[in-house]
Every structure is written in C-alpha cells, then in structure tokens.
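Quick notes on the structure that follows.
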C-alpha cells in the first residue's frame, strides 16, 4: 500500500507486510484529500462574495448556492480524521500489527504507518480550519459573534461526517437524492444514541478547530510581517542640538 511512494523512501517491506493492489489506496487517499481541499476554496470565495454587499437577488442566486456547496463539502475535511480505522481495523494490516509484538522490523513499519496516518489526519484538521476561518472572519467583520452559531454549525459538520462514514453517502447525494439524505439525517437526530455520538464528535471538532486556529494565529504572528521575533529595543530620545 502506497508502495510506490513510501517503500521507495524507506526500507522495503518484508513479505508479511500486506500491500494492496497497485495504487488503490493511493487513489482513494488522494481523492479524499482533493475533496477536502474544495471547501477551502469555496470558503474563501464565499467570504469574498459576501463582502461585495450583493443585493438580495445576488445573494439568492450566487451566495446561497455557494454556501450550500461549501457546507456540503466541509465534512470531507473532518473525514480525513477517520482514516485511522484502516490501520487499526482493516485485515490488510492485521499481519503487520500482530508481528509488531515480537519483531522490531514490524514495529518500525507499524510506527511508519502510524506517522503517515497522523500526518494525514493532521492535514484534515488544517484544511478544516482553513475552510472555516474565512467565514468566521466575515461574521466578525459584520459585527456578529461566531460562537452563537458554533454549536449548530459543528453539529451539522459532525452529522455530515456520520452520513459519509457510516451510511457511505457523499456530497453528490445532496443533488442526486436530497430527500433520502434528509430522511436519514432526520433518523440520526431522532435516535438518542446517534444524537449523543454525533454531539460528542461535534464538541471534539469544535475543540480541534479552536486549538488549530490558535496555532495558525501563532504561526502567522511568528512569521508574519516583522518576523514576529523579539521587538527591537526602543531608541532613546534624540539629544537636542546645542545652539551655537
């Protein structure tokens, strides 16, 4: 799996390391990553459009469809957080994980894959933040408080992840069979166990967003204008020139 990319950089896997068919997982992960980039582009485009102060007709024809598309694609960023399930539960890694108990080489390859999925999940969090920040900044620019909308917003994103991960729906189903999506979403929010699980994941997403957003602000402050380094010492007042 990802043999053409990973194993060329690191040690060649032994025979007992399961490697799926050529490029299958690479295509799957690449496709999921592409879907996660789309809401970032849509978020910046939507925020730019809203700052144009469109007339009601323009908002209805342009901003509303774009906002629906942005919200529909946004759960794809958080979906990357769930890719850990492949390493932990897929049978293709069973031999590798079992061998890791008594083989240092197997432990090394397990750590290698764990690092890969950690970085992949981290990319999902990063894209999630980039996808939401433009809209948060737009809300603040209009004098609104984003935290008022945050509980409902993160719940919707969490619900979208559930629909994609468990029911295997995708963004295109919003166009192809909207009533079916509505019905299964309604079933999810009216089921107490599912409602609790989706709500807990929404809180996790909110916490991840706030933490990653603080990190992004810190990076910008550190490497932004002026380098973010220690301020230069203030110069003392210039001495007055003596009168001749």
Margin query: Of everything in the range 182-219, what is farther than 24 Å from residue 119 by Cβ, without any contact (Cβ under 8 Å) to a residue 24 or more places away in the chain and part of a helix (DSSP H, G or I)? Give them in sequence order.
Written below: 182, 183, 184, 186, 187, 192, 193, 195, 196, 200
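Does residue 44 count as within 17 Å of residue 160 (Cβ to Cβ) and under 23 Å from the mean Cα position of the chain (by Cα)?
no
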Item checked: Single residue of 25, 81, 87, 9 found to be buried (at least 16 other Cβ atoms within 10 Å of the Cβ), at pLDDT below 95, out of contact with any helix residue (DSSP H, G or I) (no Cβ under 6 Å at 6 or more places or on another chain) and more than 30 Å from residue 141 (Cα to Cα) -> 25
Next item on the list: Answer yes if at least one residue in the range 168-181 is crowded, with 16+ Cβ neighbours inside 10 Å, more than 26 Å from residue 47 (Cα to Cα) and touching a residue at least 60 places away in the same chain (Cβ under 8 Å), and no otherwise.
Entry: no
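Which residue out of 242, 140 is modelled with pLDDT under 95, loosely packed, with under 13 Cβ neighbours inside 10 Å and either in a helix (DSSP H, G or I) or touching a strand residue (DSSP E or B) at 6+ places or on another chain (Cβ under 7 Å) (or both)? Give the derivation first.
Details: 242 fails: either in a helix (DSSP H, G or I) or touching a strand residue (DSSP E or B) at 6+ places or on another chain (Cβ under 7 Å) (or both).
Going through 242, 140 in turn, the sole match is 140.
Residue check: is residue 161 assigned to a helix (DSSP H, G or I), surrounded by 15 or more Cβ atoms within 10 Å (Cβ to Cβ) and modelled with pLDDT of 90 or more? First the steps, then the outcome.
Details: assigned to a helix (DSSP H, G or I): yes; surrounded by 15 or more Cβ atoms within 10 Å (Cβ to Cβ): yes; modelled with pLDDT of 90 or more: yes.
Taking the combined requirement at face value, the residue satisfies it.
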Check: Is at least one residue of the range 104-116 closer than 21 Å to residue 168 by Cβ and crowded, with 16+ Cβ neighbours inside 10 Å?
Finding: no
Next item on the list: Name the one entry in 185, 212, 150 that is in contact with a helix residue (DSSP H, G or I) (Cβ under 8 Å, 6 or more places away or on another chain), within 21 Å of residue 121 (Cβ to Cβ) and either modelled with pLDDT under 90 or surrounded by 15 or more Cβ atoms within 10 Å (Cβ to Cβ) (or both).
Entry: 212
Check: Among the residues of the range 117-137, which ones are closer than 12 Å to residue 83 by Cα and crowded, with 20+ Cβ neighbours inside 10 Å?
Finding: 124
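Here is a list: 175, 156, 169. Which entry is in contact with a helix residue (DSSP H, G or I) (Cβ under 6 Å, 6 or more places away or on another chain) and either closer than 18 Å to residue 216 by Cβ or at pLDDT 90 or above (or both)? I'd like the intermediate steps shown before the answer.
Working: 175 fails: in contact with a helix residue (DSSP H, G or I) (Cβ under 6 Å, 6 or more places away or on another chain); 156 fails: in contact with a helix residue (DSSP H, G or I) (Cβ under 6 Å, 6 or more places away or on another chain).
After applying the criteria, what remains is 169.
The values are calculated or read from the model by the stated rules, or taken from the named source; none is laboratory data. Just so you know, these numbers come straight off a predicted model, no measurement behind them. Glycine also receives a Cβ, built like all others from the backbone with ideal geometry; neighbour counts cover every protein chain displayed.
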